[in-house]
Amino acid sequence: MAQLERFTGFRTPARGVDDVMARMRALGDDWPPRDGVAVFNRVYLSVTEEVARRLGLGAFPDAHAASTLAVRFAERYLAAVDAAADGRRPPACWRPLFQYRRHPGIHALQFALAGINAHIGHDLALALVDSCRALGCEPADLEDEFDRVGDSLISLEERIREELMPGPDLLQVGDPLTHLAGSWSLERARDGAWASARALWALRELPGVASEFAERLDGAVGLVGRILLTPLPD
């Protein structure tokens with residue numbers, strides 16, 4: 001199941017959510033603010049900080065399981081960052097964001113949505129499978145944790161759109177951007193990730209089929225990301 005096991009770690013393995021946040025903050029310090037990956041990194045850091053806050057408040061039924069899922073989830077993104085930095089090819093779902101990260105015709109909201117699309121549409125399903133293996137459980141055993149992590153993402157989606165959407169003085173850009181951004185839904189992507197994770201888990205005894213499924217999922221999510229990063233007119 002090489003496709004499932006690829007890009008599951010990064011240079012300094014995370015021991016917990018605090019390690020993940022420290023790595024994201026360090027990355028943010030190294031990149032210019034307008035960089036497309038930096039835009040997503042800020043969004044994802046805010047999501048991870050919210051998950052950490054909820055973990056501290058005891059909001060998850062199983063804090064260990066939730067932390068495991070959050071860390072395995074983040075490792076997929078951080079491994080893609082390391083692959084790109086090392087000159088290796090990141091997963092197909094991440095390639096558009098890394099390829100277009102400095103394109104002047106792409107708005108910050110597009111960068112944020114493309115990163116969220118890659119991370120939710122592809123990484124979340126594989127991270128759930130990773131977590132089940134690490135914890136020795138079934139996906140159904142992590143459904144509450146999956147839903148609560150997803151709720152943290154959805155609660156921030158509206159705020160992200162409001163903060164990154166251009167103002168009324170940029171309506172020429174805003175009209176096509178509104179159309180493009182409105183064509184993608186985080187909630188639908190999360191539902192798809194849950195279905196994909198269950199399918200991958202059911203196929204775990206058929207490694208060839210599971211690997212092909214994961215590869216096709218990666219490519220399909222990458223195609224959506226490329227569409228989200230369509231350059232818009234000035």
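The values are calculated or read from the model by the stated rules, or taken from the named source; none is laboratory data. Predicted model, so just to flag it, every value in this text is computed and none were measured. We place every Cβ from the backbone using ideal geometry, glycine too, and count neighbours over all the protein chains shown. Side chains included, ligands, DNA and RNA excluded: accessible areas come from the protein's heavy atoms. Shrake-Rupley method; radii C 1.70, N 1.55, O 1.52, S 1.80 Å.
Could you tell me whether the range 96-234 comes out rounded, prolate or oblate from its Cα gyration tensor? Rule is a ≥ b ≥ c as square roots of the eigenvalues, rounded for a/c under 1.5, then prolate if a/b exceeds b/c, otherwise oblate. Could the numbers behind the result be given before it?
On the way: a/c = 3.22, a/b = 1.91, b/c = 1.69.
In terms of gyration-tensor shape, prolate.
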Options His103, Leu113, Cys93, ranked by Cα towards positive dipole end of the range 78-154, top entry (Cβ charges)
His103
Gain in length, Asp144 to Arg88, computed as 0.36 nm per residue apart minus the alpha-carbon separation, to one decimal in nm?
16.6 nm
Helix 207-228 against the longest principal axis of the chain: what's the angle in degrees, Cα atoms only, rounded to the nearest 10?
20
In degrees from 0 to 90, rounded to the nearest 10, what is the angle of the helix 63-85 Cα long axis to the longest principal axis of the chain?
50
Counting residues in the range 190-234 as N, plug N into 2.2 N^0.38 Å and put the Cα Rg over that result.
1.52
Be a star and scan the range 101-141 for residues whose amide nitrogen sits under 18 Å from the point 7 Å along the Cα-to-Cβ vector of Glu187.
117, 120-121
Taking every pair of alpha-carbon atoms in the chain, give the share separated by more than 22 Å as a whole percent.
50
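Express the relative contact order of the chain as a whole percentage, based on alpha carbon pairs under 8 Å and six or more residues apart in sequence.
Working: 275 pairs, mean separation 72.1, N = 234.
This gives 31 percent for the chain.
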Round to the nearest 10 and give me the degree value, 0 to 90, for the angle of helix 36-56's Cα axis relative to the longest principal axis of the chain.
50
Quick one: length gained pulling Arg161 to Asp19 fully straight, 0.36 nm per residue minus the C-alpha distance?
48.4 nm
Which value, in debye to the nearest 20, describes the size of the charge dipole of the range 67-203 about its Cα centre when Lys and Arg Cβ atoms bear +1, Asp and Glu Cβ atoms bear -1, and nothing else is charged?
660
Percentage relative contact order, the range 116-234, counting C-alpha pairs under 8 Å, at least six apart
46
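Roll a 1.4 angstrom probe over the protein heavy atoms and tell me the percent of accessible area of the chain that is carbon or sulfur.
Numbers: 5650 of 10800 Å².
Whole-percent figure for carbon plus sulfur exposure: 52.
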What's the percent breakdown of Cα-Cα distances in the range 23-155 across 5 Å bins, shortest bin first?
2, 10, 20, 22, 19, 13, 8, 3, 1, 0
Determine ³J(HN,Hα), in whole Hz, for all residues of the range 190-204 in sequence, where each value follows from phi through the Karplus function 6.51 cos²θ - 1.76 cosθ + 1.60 and θ = phi - 60°; x replaces Gly and Pro.
5, 4, x, 5, 5, 5, 5, 4, 5, 5, 4, 5, 5, 8, 5
